[in-house]
Amino acid sequence: MLIRNSSPDPAGGAPDWPPIHLPEHVVSVIGTLRGAGHQAYVVGGVIRDALLGAPTEPVMDVATSALPEEVQRLFPRTHPVGLEHGTVGVRADDGTVEVTTFRADVETFGRKARVRFGNDLREDLARRDFTINALAFDPETRELIDPFGGLSDLAARVLRTVGDARRRFAEDYLRILRGARFAARFDLEVPDDVRDAMRESAEGTRSLSGERVRDELMKTLAQAERPSAAFRLLRETGVLEEILPELEAAFGVEQNRWHPDDVGEHTLLVVDAVPRRHSFLRLVALLHDLGKPAAKTWDPARQDYVFRGHDEIGARMARTILERLRFPRRDIERAAGLVRAHMDLFPMESGDAAVRRWLQRVGEENVRDLFRLHVADWAGNRAKPQPARELRALYRRAREVAAARGALKVADLAIGGDELRSLGLPPGPRYREILSALLQRVIDDPSLNQRETLLREARLLAGPVAGAPLSPDGR
Ligand code: ATP
Ligand code: MG
């Protein structure tokens, strides 16, 4: 089906679509390919996003009948993106275009699909997962090529697969996760047959690599205004149980008089409450209370359930989950640290020393994130009014104390290993012990953080040292 996009009402009765504007460099890449006798179109999610007025990605996708070698010959500046999939990156002055040779399936079995290069746009579009992603655009004629009804699905906000949903999911189970992401991101209705197919194919998602699930999870958190819609769909179709059983286990775990929602529902509310641009913190929110099911105990004194230690348990679980999903080490440490610290907040009436000890415990670099997490955690509790003002006051206090630049780490001390050596103390684990002890004193009283004072303290802590040179003051 060809639809001229320049007309105000291309889908006949469907809402007006904005005209598709493409950056000049894409149009020029397509011009070059066509000039050499090849077919070339802008394809996929870029067109979907342009029609929805959603912000488009910086990298445009072009599909062409030209083989990868020909693409490399035609453009002076190219780099291999995925030559085995037929994708060549073409660098133009004001952007990069990913040019992919038309593909056609010969035979598909999970990810081990045998693919050959083709020369037919329709065949290429038929390999794509959802109708809203199986769109192509011809910038010369301004025609939208829409063989599977993607435009009307987009207008009706429906998620439909290209062809039989069960088959398409079995070819690549990641499509189920992608579907949940698109449904949440574009607020799409998921028809019963697609939902049923997701449910019947759920077990297959277990075989997905950690990396692919990770990337899809992060895209969901970064793109959907309310990622909870995606998780609800994954849960309802049994997919969550396969890819994130720890979150599934949090549903149905009732809390106590402070929480109207069970742990799972509360978790989703907190994820939604973290602003979209802080997608990593949304991941932390997803993990922050997962220790609760294991920590839940009855407290007879309070006559209620308590979750003592759920922060520690949760931090360990966060590590396990993020390792399984192949997150980089640095991300794992950061997330686990935030989960561990998410219950740790100093009382407003604390003295500076107590605030400094808190800063040392949670890490000064985590303070902003922790407060954002606290704000979301409160917003995700429908029983309690959000004490935003108190949290802001605590945050200000933490920042003031941190800005006063008292020492928080051994490295901030006015003396270090060199000075200990000058006292005649042989290098060894004692250095660490002495410096840590000095740090605790300095955290209590920052005025002690001076070279002479600390040397004196260190000498006392080190005790008599054989062969120690006489100290400057003759003691
Ligand atoms: P986004 O870029 O927002 O993640 P997208 O739909 O653009 O979403 P990409 O990964 O950029 O996803 O892929 C571009 C296009 O390639 C998609 O629109 C779709 O047509 C096709 N595609 C990507 N992944 C798959 C898949 N797993 N199965 C089938 N088609 C896919
Ligand atoms: Mg894309």
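Only the coordinates and a few stated rules stand behind these numbers; no lab work does. Small disclaimer: the values here were computed from a predicted structure and weren't measured. Counting neighbours? That spans all protein chains shown, and the Cβs are built from the backbone with ideal geometry, glycine included.
Structure notes:
- Neighbour-count order for LYS296, LYS409, fewest beta carbons within 10 angstrom listed first: LYS409, LYS296
- Arranged from fewest to most other beta-carbon atoms within 10 Å of their beta carbon, SER65, SER207 become SER207, SER65.
- The range 123-250: relative contact order in percent, alpha carbon pairs under 8 Å with at least 6 residues between: 22
- The chain: relative contact order as a whole-number percent, Cα under 8 Å and 6+ apart: 8
- For the chain, the longest principal axis of the C-alpha atoms and the axis of helix 174-185 are separated by about 80°.
- In terms of other Cβ atoms within 10 Å, THR100, THR297, THR453, THR205 run from fewest to most in the order THR297, THR453, THR100, THR205.
- For the range 180-320, the relative contact order is 20 percent, taking Cα pairs closer than 8 Å that sit 6 or more residues apart in sequence and dividing their mean separation by the residue count.
- Crossing angle, helix 451-462 versus the chain [Cα axis fit, 0-90 degrees, rounded to tens]: 80
- Cα-centre dipole for the range 353-444 with unit charges at Cβ (Lys and Arg positive, Asp and Glu negative), debye to 20: 420
- With Cα atoms, 0 to 90° folded angle of helix 429-444 axis to the chain main axis: 90
- Since only GLY406, GLY416, TYR305 are under comparison, the one whose Cα sits farthest along the positive direction of the charge dipole of the chain, derived from C-beta charges on Lys, Arg, Asp and Glu, is GLY416.
- Qualifying GluC sites (Glu not before Pro) in the range 244-349, where qualification requires a DSSP coil assignment and no more than 12 other C-beta atoms within 10 Å, comprise GLU254, GLU349.
- Computed Rg/Rh of the chain, alpha carbon atoms with Kirkwood Rh: 1.11
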